[in-house]
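What follows is a set of notes on a single structure, which appears directly below.
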Amino acid sequence: MKTQRDSAVEDFAPALITWQKRHGRHDLPWQQTRDPYAVWLSEIMLQQTQVTAVIPYYRRFLERFPTIRALAAAPADDVLALWSGLGYYSRARNLHRAAQIMVAEHSGQFPQTLDAVMALPGIGRSTAAAILVFAFGQRGAILDGNVKRVLSRVRGIAGYPGESAVTAQLWAEAELLLAKTGLRAYTQGLMDLGATVCARRNPRCAECPVQKLCVAYKSGRTAELPMPKPRKVLPQRRTQMLILQRAGEVMLEKRPSSGIWGGLWCFPETDADADAAAVCAQRYSATVELRETLPVIAHGFTHYHLDILPQPALVKSWPLRAAEPGLIWLSIEEAGEAAIPTPVRSILAQLARSRGS
């Protein structure tokens, strides 16, 4: 006699595939290709980023770097400049490094085994499986954030999905429910279901193709599952950015390759309460005239909140060489096209508005 659990395992994939073919997403730009490079790019960009935000970046990136070899040969600054505004910049650095590894070790071709793909920087188990499914039609389970939510509800798995024991249980279910055929439609269906129907808040259960199999729906626990991350008060930090201006240009400083905004161009930073003029004198032997501070910019990171205090300063004397390593003077327009983080772009916009007023 077939148990309820056996029925769920047997019926889940066919129901999802049928739904995806009728109601899933089919017109996203990366769905029109089997090029593993383009598929890889989309999967990386879609990590922690909404589809609508990704599409223009995806198109610009492929136009500028159409192949793995083109990306590998590009200067890191060019790669980061095209990524500017998309956030989580380690993704761009890992893309660039992975492309260079593929040129050096795989003749510029994307590898086709799970272990080889996972050996590349920035690619975990779920992302690797998704690439292999969509590009090569291989069989493999995925478990991104949306899929964790779907499986937590359908299988009634309690606990926060970020906990290792819960993650292991979700992986076991992902493997158990994995379709035997129709892998592309099944994998896309999982993604679509989590993105459009099985939403975090107000899920549209009436439209769900696996409603009858869903433990959370049948037990009235859709609002409860998956359990949220235990709340933690994030620390608040403050920093001061020095907006040095000279002859219609602003100075940007290249940040270290690791850490927050690694490898990007940014305004110099100092302690929020530091004397900006004294810092400029000590750091650059420069004489500056401080101007009225700009509005504070609040920026959130995964582990803390940051208040940025922009301090404009007009440079009166600058004894350093014109081409000092790690420093660059650019017009506001040119600076906006550089590889800069979002808060710097916001400050440049403030400067442009004040100049035009």
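The values are calculated or read from the model by the stated rules, or taken from the named source; none is laboratory data. Predicted, not measured: the structure shown is a model, and the values here were computed from it. Positions of Cβ are generated from backbone atoms using ideal geometry, with glycine treated the same way; all protein chains shown enter the neighbour counts.
In the stretch 303-319, is there at least one residue being among the polar types (S, T, N, Q), closer than 21 Å to PRO256 by Cβ and assigned by TED's automatic domain parsing to the domain that holds MET241?
no
State the number of residues belonging to the stretch 300-319 that are in a strand (DSSP E or B) and crowded, with 16+ Cβ neighbours inside 10 Å.
Number satisfying all stated conditions: 8.
Scanning the stretch 333-346 for residues that are in contact with a strand residue (DSSP E or B) (Cβ under 7 Å, 6 or more places away or on another chain) and within 15 Å of PRO312 (Cα to Cα) turns up PRO343, VAL344, SER346.
Of VAL117, VAL166, all but one fail to be surrounded by 20 or more Cβ atoms within 10 Å (Cβ to Cβ) and modelled with pLDDT of 95 or more; the exception is VAL117.
Only one entry in ALA53, ALA76, ALA99, ALA92 is in contact with a Gly (Cβ under 7 Å, 6 or more places away or on another chain), closer than 22 Å to ALA338 by Cα and not assigned by TED's automatic domain parsing to the domain that holds HIS299, namely ALA76.
Let's see how each residue does on (1) surrounded by fewer than 21 Cβ atoms within 10 Å (Cβ to Cβ); (2) part of a loop (DSSP other than H, G, I, E, B):
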site: ILE17; (1), (2): no, no
site: ILE55; (1), (2): yes, no
site: GLY85; (1), (2): yes, yes
site: ARG93; (1), (2): yes, no
site: HIS96; (1), (2): no, no
site: ILE101; (1), (2): yes, no
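Applying a threshold of 8 Å to beta carbon distances and a minimum spacing of six or more residues, or different chains, the list of pairs starting in the stretch 109-120 at a residue that is under 18 Å from LEU71 (Cβ atoms) and ending at one that is β-branched (Val, Ile, Thr) and assigned to a loop (DSSP other than H, G, I, E, B) reads VAL117/ILE123.
Evaluation of HIS305 against the conditions (1) in contact (Cβ under 8 Å) with a residue 60 or more places away in the chain; (2) under 20 Å from the mean Cα position of the chain (by Cα); (3) more than 20 Å from GLN236 (Cβ to Cβ) shows that the sole unmet condition is (3). The residues listed here are PHE134, PHE65; of these, the one that is farther than 28 Å from ALA195 by Cα, of a type in the set (Phe, Trp, Tyr) and surrounded by 20 or more Cβ atoms within 10 Å (Cβ to Cβ) is PHE65.
Restricting ALA206, ALA199 to those that are closer than 30 Å to HIS305 by Cα, surrounded by fewer than 15 Cβ atoms within 10 Å (Cβ to Cβ), of a type outside the set (Val, Ile, Thr) and in the same structural domain as GLN138 (by TED's automatic domain parsing) reduces the list to ALA199. Whenever a residue of the stretch 265-288 is touching a residue at least 60 places away in the same chain (Cβ under 8 Å), its partners that are part of a loop (DSSP other than H, G, I, E, B) and of a type in the set (A, V, I, L, M), lying with C-beta atoms within less than 8 angstrom and at least six residues away or across chains, give the pairs TRP265/ALA338; TRP265/ALA339; TRP265/ILE340; CYS266/ILE340.
Whenever a residue of the stretch 46-72 is on the phi > 0 side of the Ramachandran plot and in contact (Cβ under 8 Å) with a residue 40 or more places away in the chain, it has no partner that is of a type in the set (A, V, I, L, M, F, W, C) and assigned to a helix (DSSP H, G or I) lying with C-beta atoms less than 9 angstrom away and at least six residues away or across chains. Of the residues that make up the stretch 320-332, is at least one touching a strand residue (DSSP E or B) at 6+ places or on another chain (Cβ under 9 Å), part of a helix (DSSP H, G or I), touching a residue at least 12 places away in the same chain (Cβ under 8 Å) and within 22 Å of PRO256 (Cβ to Cβ)? Looking for residues that are touching a strand residue (DSSP E or B) at 6+ places or on another chain (Cβ under 9 Å), part of a helix (DSSP H, G or I), touching a residue at least 12 places away in the same chain (Cβ under 8 Å) and within 22 Å of PRO256 (Cβ to Cβ), one finds none in the stretch 320-332, hence no.
Right, VAL215: surrounded by 15 or more Cβ atoms within 10 Å (Cβ to Cβ), touching a Phe, Trp or Tyr at 6+ places or on another chain (Cβ under 8 Å) and in contact (Cβ under 8 Å) with a residue 40 or more places away in the chain or not? In short, no.
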